[in-house]
């Protein structure tokens, strides 16, 4: 008997004619022989706990469907012959919304005014605007495209950089080799690329030194894309500002120097986890399971066999 293991918040949107379902919070009560029947595993959005141990107990597993766009934390546990699908498209709206929100918040000083409110301090000052800024987006995938579209009404100039140059419906995408020349021109640099061996540590001391003095770095990708010590040095020198939804390490432990770094605003990896996630996540999983039941090709295959 095949079993589908999935989070409880996904179950309600699924077709009725699927194999037996088991919710993830019920897995702890399953006997080994029941674990052995799991063939399709829908990983919880915020997982990572006991991940390798869970997967190791599923010898008949054929598909892992994540509810995240990034899969860097699943790949180390992916068994040979198992198909891994990500949730590309599910978090575009939420993450793009947060990215633009962080740009506005930092440009207009929302976090500083909140602190002053607690102190009962009224202080008028001149601030930079998002309007008329030049924004460099590093990445050209689903979320980067959603960010670009949302920036259109704000009267900004957008440059985009990806692994290879091309032209799409939104204009020119520059090759990564042009990053060196584009960095000093940007008022805001938005990092929204997957974590891979090639992108880990991309934002290093040399990258940060090339940024315009006072420019804003927004990271809604993965923490390890940024060299944390280099970022701390750039923040303490006053060279740049930063808004981070992701950090390295993550979760950021109490007492870590990033918490108290100047000109830095941190949110706890909340980019995709909003009310917009649920309907999109449910629709993706429902479609994937229909395809699985019919023997059709799955969407968003990023590793393993193409089914």
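Observations
- 0 to 90° range, to nearest 10: angle between helix 92-108 axis and the chain longest Cα axis: 20 degrees
- Kirkwood-based Rg to Rh ratio, segment 92-266, C-alpha trace: 0.96
- Diffusion coefficient of the chain by Stokes-Einstein, Kirkwood radius over Cα pairs, 20 °C, 1.002 mPa s: 102 µm²/s.
- Springs between Cα atoms under 10 Å define the GNM used for the chain, and in it the highest mean-square fluctuation of 179, 289, 75 occurs at 75.
- In degrees, nearest ten, helix 110-119 long axis to first principal axis of the chain (Cα): 80 degrees
- Nearest-ten-degree value, helix 142-151 long axis tilted from longest Cα axis of the chain: 40 degrees
- Fully extending the segment from residue 259 to residue 274, taken as 0.36 nm per residue of separation minus the present Cα-Cα distance, adds 3.0 nm.
- Label-point gap, in nm, between residue 167 and residue 296 - each point 7 angstrom along Cα→Cβ: 3.5 nm
- Net lengthening on full extension, residue 239/residue 177 (0.36 nm per residue, minus Cα-Cα): 20.0 nm
- Contact order normalised by residue count of segment 92-266, Cα under 8 Å, 6+ apart, percent: 18 percent
- Between 40, 277, 110, the Gaussian network model of the chain with springs among Cα atoms under 10 angstrom shows the greatest mean-square fluctuation at 110.
- Label separation (residue 23 vs residue 303): 2.9 nm, computed from points 7 Å beyond Cα along the C-beta direction.
- Estimated FRET transfer efficiency (residue 56, residue 205; beta-carbon r; R0 45 Å; 0.05): 0.70
- Net length gained if the chain between residue 9 and residue 115 were fully extended (0.36 nm per residue, minus Cα distance): 34.6 nm
- FRET E, pair residue 16, residue 283, Förster distance 22 Å, beta-carbon r, rounded to 0.05: 0.85
- Over segment 197-307, relative contact order from alpha-carbon pairs under 8 Å, at least 6 apart, %: 21 percent
- Span per principal axis, largest first, for the Cα atoms of segment 185-224 (Å): 28, 19, 14
- Relative contact order for the chain, counting Cα pairs under 8 Å that sit 6 or more residues apart, in percent: 18 percent
Every read-out reported here was derived from the displayed coordinates using simple, explicitly stated rules and does not represent laboratory data. This structure is a prediction, so every number in the text was calculated from the model and none was measured. Neighbour counts run over all protein chains shown; Cβ positions are idealised from the backbone, glycine included.
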